[in-house]
Each structure stands twice: as C-alpha cells, then as structure tokens.
1. I need the phi-derived Karplus couplings for region 5-20: 6.51 cos²θ - 1.76 cosθ + 1.60, θ = phi - 60°, integer Hz, Gly and Pro marked x.
2. Using a basic spin-label model with each label point 7 Å from the Cα along Cα→Cβ, how many nm lie between A104 and Q148?
3. For an R0 of 51 angstrom, estimate the FRET efficiency from the Cβ-Cβ distance between N48 and A222 and round to the nearest 0.05.
4. On the accessible surface of region 65-136, probed at 1.4 Å, how many percent belong to carbon and sulfur atoms?
5. For region 1-116, what is the charge dipole size about the Cα centre, in debye to the nearest 20, if Lys and Arg each add +1 at the Cβ and Asp and Glu each add -1 at the Cβ?
6. For region 49-178, report the accessible area per residue in Å² (1.4 Å probe, heavy atoms, rounded to an integer).
7. Students sometimes get this wrong: rank R107, R68 by accessible area, probe 1.4 Å, all chains present, largest first.
8. Just to verify a number: FRET efficiency for D58 and R175, C-beta to C-beta distance, R0 = 41 Å, to 0.05?
Amino acid sequence: MPPQKKFADQGCQVLGTVRNIANTTPLPGVTLIEMDVRDEASVERGINQVFGQAGRIDVLINNAGMNRIGAVEETTTGEAASLFDTNVLSILRTSRAVLPHMRAQGRGRIVNVSSVPGILPAPYMGLYSASKHAVEGLSESLDHEVRQFGIRVTLVAPSFTKTNLDANSPQAKSRIPDYDREPDLAARAVANTVSGAPDPSRVSNTIVEAALGAWRMRRTPAGEASPLRQLRRFMPAGPVDSSPRKTFGPA
C-alpha cells in the first residue's frame with residue numbers, strides 16, 4: 001500500500017503530486033495535483049494549489065528519485081546534472097515552496113527519502129550515491145535552520161525495495177571498454193536484489209511514522225538498512241570496503 005493511502009486511512013487530507021494526471025490511476029482519499037519537481041514554476045503552482053485547497057501544509061514528503069548505473073568516469077556531466085536535478089534540487093524547490101507556509105503556521109514536518117547508498121556508497125552507482133549523500137547533508141542542515149520555527153526535517157533511508165526504480169535504472173550512455181564487465185555485473189546484482197526484496201509497504205509504514213510520529217533525524221525500515229548503517233559506523237574499514245564489492249560484483 002503506498003504511503004498516500006496509508007495517510008488517508010489515518011484521516012489525513014492527502015494531496016499527491018504527479019507529472020501527468022491523465023496517466024495516473026486515482027487513489028481513494030488522495031487528491032492529485034499536477035506538478036513536475038524538476039520545474040520551479042511547476043512546483044510553485046503545485047504548492048500554491050495544495051495550499052489553496054487545504055488551507056495549510058503540515059507535512060511534505062519528498063520521495064522523487066532516479067538511479068543511473070555506470071562508472072563515474074563514464075558518467076557525463078549532463079547525466080549527473082539530470083540525476084541531481086531530480087534527487088537533490090527537487091527537494092530544494094519543494095522545501096523552498098512550502099517553508100513560507102509552514103513558518104507562518106508555526107509548525108511542519110519535511111520527510112526526505114534517502115537511501116542506503118547515501119550511507120554506504122556502491123560501485124557503479126557513484127552519482128546516485130553522491131546525490132543521496134547530498135540529500136542527507138541538505139536535510140540535516142535544513143533541520144538545524146528551521147527548528148526555530150517549529151518545523152523539523154527527517155530522513156527515511158530504505159534499502160532495496162521491490163519497485164521499478166532500481167530494476168529499470170538506465171546505464172551511462174558513454175561506455176568505456178575497460179569497464180565493460182563490472183557495470184553489467186552491478187546491473188544484474190541490482191536486478192536480482194530487487195526481485196527478492198520486500199514489497200514497499202515497510203517503507204510506506206516508515207514514511208508515515210517519520211511524518212506523524214515523534215521526531216527522529218533518521219529512520220530505516222526494518223531489514224537490511226539498519227545493519228548496513230551499523231556496519232558503516234562500527235566495523236573496520238576492510239569489511240566496510242568489501243561488503244558492497246561482494247554485493248555488486250567487482251573482484
């Protein structure tokens with residue numbers, strides 16, 4: 001069950017944003033607003049429409065994201081810019097649009113969806129990992145700045161989940177033959193991991209807890225993400241280095 005439906009089931013007034021309403025299946029209890037998080041004018045229009053319909057904005061969920069598989073050297077600046085535009089700058093756009101409303105009402109919660117690669121970088125997902133590290137840093141800094149207004153920012157960091165995000169990740173278009181073997185191993189490892197991953201309901205539950213529960217800076221859904229965070233924090237450098245290599249295939 002998607003988080004929008006879970007919020008609606010708890011009696012929340014839920015307004016969800018999509019790029020194209022005509023291509024979207026309606027969810028009971030969810031009002032859809034057309035908005036492209038990559039376009040500042042579209043974000044401003046969308047947030048103003050949300051505020052116009054609801055009269056207030058108590059919670060903002062930033063969960064838009066994309067992945068790209070390829071060596072850092074193979075990734076063009078254009079591909080990197082597109083990824084950061086969706087994964088990082090979209091959060092800046094939506095947060096800047098809602099914060100005046102939240103400051104005026106003296107309360108609010110912003111939930112940003114990060115990822116395990118924002119904690120433990122993976123080979124051949126370097127720009128994705130970098131974008132999620134940026135989400136983590138942006139979120140922590142923003143939380144320090146806005147808590148004086150009764151607003152808190154929190155992170156949800158899922159591991160692999162059975163969605164199309166990882167399974168359909170595009171590869172870098174500019175291929176370098178020296179790297180030919182390992183990116184394919186990484187892509188297959190991602191696809192295999194996603195096929196056996198839990199369904200998104202545990203992530204949805206964690207997002208609802210992060211939005212409505214007591215504030216914590218980070219939440220990780222039950223499962224792989226929590227031990228990975230502990231691995232990064234407490235284990236020696238050798239196991240931390242070898243773990244993603246075993247998962248994603250490099251020798």
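1. 3J(HN,Hα) across region 5-20, in whole Hz: 5, 5, 5, 4, 5, 8, x, 7, 7, 10, 10, x, 9, 9, 6, 9.
2. 2.1
3. Numbers: r = 37 Å, r/R0 = 0.73.
For N48 and A222, the calculated efficiency is 0.85.
4. Values: 1380 of 2350 Å².
Of the solvent-accessible surface of region 65-136, carbon and sulfur hold 59 percent.
5. It works out to roughly 560 debye.
6. Working: 5420 Å² over 130 residues.
Solvent-accessible surface per residue comes out at 42 Å².
7. Values: R107 125, R68 35 Å².
Ranking R107, R68 by accessible area, largest first, yields R107, R68.
8. Working: r = 46 Å, r/R0 = 1.13.
Rounded to the nearest 0.05, the efficiency is 0.30.
The values are calculated or read from the model by the stated rules, or taken from the named source; none is laboratory data. No experiment lies behind these values; they were computed from the predicted model shown. Cβ: placed from backbone, ideal geometry, glycine included. Neighbour counts: every protein chain shown. SASA here: full protein model, heavy atoms, side chains in, ligands and nucleic acids out. Shrake-Rupley method; radii C 1.70, N 1.55, O 1.52, S 1.80 Å.
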